[in-house]
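A.B. asks: Here you go, one structure.
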Amino acid sequence: MSTSQNLGDWTLRAELFGGGEKSRENPCLRLFGDTPPDVSWNGLAGLVLEFNRDWFTGCLSYTRSNYEVKERASGDRAVLFDGSTKASQSFFGLALNADWDEWQLRSEFGKAARMNAVGYDAKFNLLTLGRQFGDFTVTAGLSDYRENSRYTPDEYAPVKLSTRQLALRYEVHKGGALKAQIDFVRDRSASTFSGDARVLSVAYDLVF
């Protein structure tokens with residue numbers, strides 16, 4: 001359900017949603033075992049508020065749900081970190097974006113509260129600034145991710161990642177663009193398999 005309202009120079013839009021989701025043989029949990037379980041998000045509900053004026057757009061979102069894990073071999077529900085088989089989780093997000101002339105600003109700030117369900121809480125943010133030169137757009141950005149966890153330090157927690165990125169986008173034709181990007185990842189996590197990295201990626205985006 002959604003509604004919109006004009007308040008002077010501002011346009012406001014609100015959206016309410018609800019439902020559920022089930023992931024069979026969850027791909028993420030496949031990383032931790034040969035037989036991935038099924039994951040269910042029941043009682044899902046959320047709210048999105050979007051506000052816009054001229055070159056500025058902002059978006060505030062909140063989502064919550066219950067979290068359950070079912071082992072495929074036994075059919076039993078797994079015990080979560082709060083000792084039950086069903087725990088709550090929530091996600092909060094804020095995006096502030098701007099487009100003026102050839103300049104583009106993108107930002108996102110978020111928090112995931114999942115300690116009781118999956119054993120961690122996380123905070124993350126992203127900020128990029130780009131400028132267009134004809135068919136080319138140059139973008140520079142940075143991001144940060146912090147995670148507090150109930151896992152022991154020699155396994156997965158705490159997680160501390162920061163990334164610096166530089167990207168070049170070329171509009172090949174209307175609706176199609178070629179993009180090259182390099183990311184410099186600084187990893188200060190406690191995990192034994194953590195470490196800094198450089199990632200180079202090339203992509204072709206097509207809108208039809």
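The values are calculated or read from the model by the stated rules, or taken from the named source; none is laboratory data. Since the model is a prediction, treat every value here as computed from it, not as a measurement. A quick note on method: Cβ atoms are made from the backbone with ideal geometry, for glycine too, and the neighbour counts reach across all protein chains shown. We work out accessible area using only protein heavy atoms, side chains counted, and drop any ligands, DNA or RNA first. Shrake-Rupley method; radii C 1.70, N 1.55, O 1.52, S 1.80 Å.
A.B. asks: Looking at this structure, is PHE92 closer than 17 Å to LEU60 by Cβ, touching a residue at least 24 places away in the same chain (Cβ under 8 Å), within 15 Å of the chain's Cα centre (by Cα) and open to solvent by 60 Å² or more (accessible area, probe 1.4 Å)?
C.D. replies: yes
A.B. asks: Need pairs with beta-carbon distance below 8 Å; first residue on the phi < 0 side of the Ramachandran plot and assigned to a loop (DSSP other than H, G, I, E, B) and within region 37-64, second among the hydrophobic types (A, V, I, L, M, F, W, C) and open to solvent by less than 70 Å² (accessible area, probe 1.4 Å); sequence gap 6+ or separate chains.
C.D. replies: Sorted first by the residue in region 37-64, then by its partner, the pairs are PRO37/LEU29; PRO37/VAL69; PRO37/ALA78; TRP55/ALA98.
A.B. asks: Among the residues of region 1-31, count how many are surrounded by 14 or more Cβ atoms within 10 Å (Cβ to Cβ) and closer than 20 Å to ASP76 by Cα.
C.D. replies: Adding up the residues that qualify gives 3.
A.B. asks: Suppose we filter GLY75, GLY110 for residues that are surrounded by 14 or more Cβ atoms within 10 Å (Cβ to Cβ) and without any contact (Cβ under 8 Å) to a residue 24 or more places away in the chain; which single one remains?
C.D. replies: Values: GLY75 fails: surrounded by 14 or more Cβ atoms within 10 Å (Cβ to Cβ).
Criteria check complete, one pass: GLY110.
A.B. asks: State yes or no: is ARG64 closer than 19 Å to LEU47 by Cβ and either crowded, with 16+ Cβ neighbours inside 10 Å or hydroxyl-bearing (Ser, Thr, Tyr) (or both)?
C.D. replies: So ARG64 passes the test.
A.B. asks: So, one more: For LEU161, work out the one condition from (1) modelled with pLDDT of 95 or more; (2) closer than 29 Å to VAL202 by Cβ; (3) not acidic (Asp, Glu) it doesn't fulfil.
C.D. replies: (1)
A.B. asks: Among ASP54, ASP34, ASP99, which is the only one that is closer than 28 Å to LYS160 by Cα and open to solvent by 30 Å² or more (accessible area, probe 1.4 Å)?
C.D. replies: The match here is ASP34.
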